[in-house]
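Participant: So that we are looking at the same thing, I have put the structure below in structure tokens.
The values are calculated or read from the model by the stated rules, or taken from the named source; none is laboratory data. This is a predicted model, so every value here is computed, not measured. Because the Cβ atoms are built from the backbone with ideal geometry, glycine has one as well, and the counts that use them run over all protein chains shown.
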Amino acid sequence: MQFFVLRDYARETLSLRWRSWMTSYYMKRYFKNRTFYKIQSQSIIDNPDQRINDDLSAFTGTALAFSLTLFNAAVDLVSFSNILYGIYPPLFIVLVVYSLGGTAISVFLGKVCTCQSYIICIELCQHNQ
């Protein structure tokens, strides 16, 4: 229980510090060389400082969640692979070959489907013109 609380605390603290640093960095760039006044005088963007803050908040939250998910998956892969290899090495080898083969097939089929979808889209666009 304490581990999960500590993990969540560390994640939120890292997210807050990273967001704070990025906001400070980009706001300094925003105010540098009177960029703020140029944007405001041209009325190009409404509330650019608020948009910077909101975008950085969304970016840091998403990037941190993705990074931690990737890290947790890597730790799980290494730890469970070690356990499985210790229990029955031939099964571990079969599962590695199976997963690599499945990944290769998925990548190949994904490329084929993407190409076919692209070709169909081009044909539809040409037909509609």
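Participant: List the pairs whose first member sits in the stretch 52-76 and is assigned by TED's automatic domain parsing to the domain that holds Trp18 and under 10 Å from Trp18 (Cβ atoms), whose second member is among the polar types (S, T, N, Q) and surrounded by 11 or more Cβ atoms within 10 Å (Cβ to Cβ), and whose Cβ atoms are under 7 Å apart, counting only residues at least 6 apart or on separate chains?
Facilitator: Going by the 7 Å Cβ cut-off, the qualifying pairs are Leu56/Thr23; Thr60/Ser15; Gly61/Ser15; Leu64/Ser15.
Participant: If you don't mind, another one. Are any residues in the stretch 1-50 closer than 19 Å to Phe71 by Cα and among the small types (Gly, Ala, Ser), and if so, which ones?
Facilitator: If the condition is that a residue be closer than 19 Å to Phe71 by Cα and among the small types (Gly, Ala, Ser), then Ala10, Ser15 are the ones that fit.
Participant: Within the stretch 1-116, which helices (runs of 4 or more DSSP H) (wholly inside it) include 3 or more residues that are at pLDDT 90 or above and either loosely packed, with under 10 Cβ neighbours inside 10 Å or in contact with a Leu (Cβ under 9 Å, 6 or more places away or on another chain) (or both)?
Facilitator: Here the list reads 2-31, 48-87.
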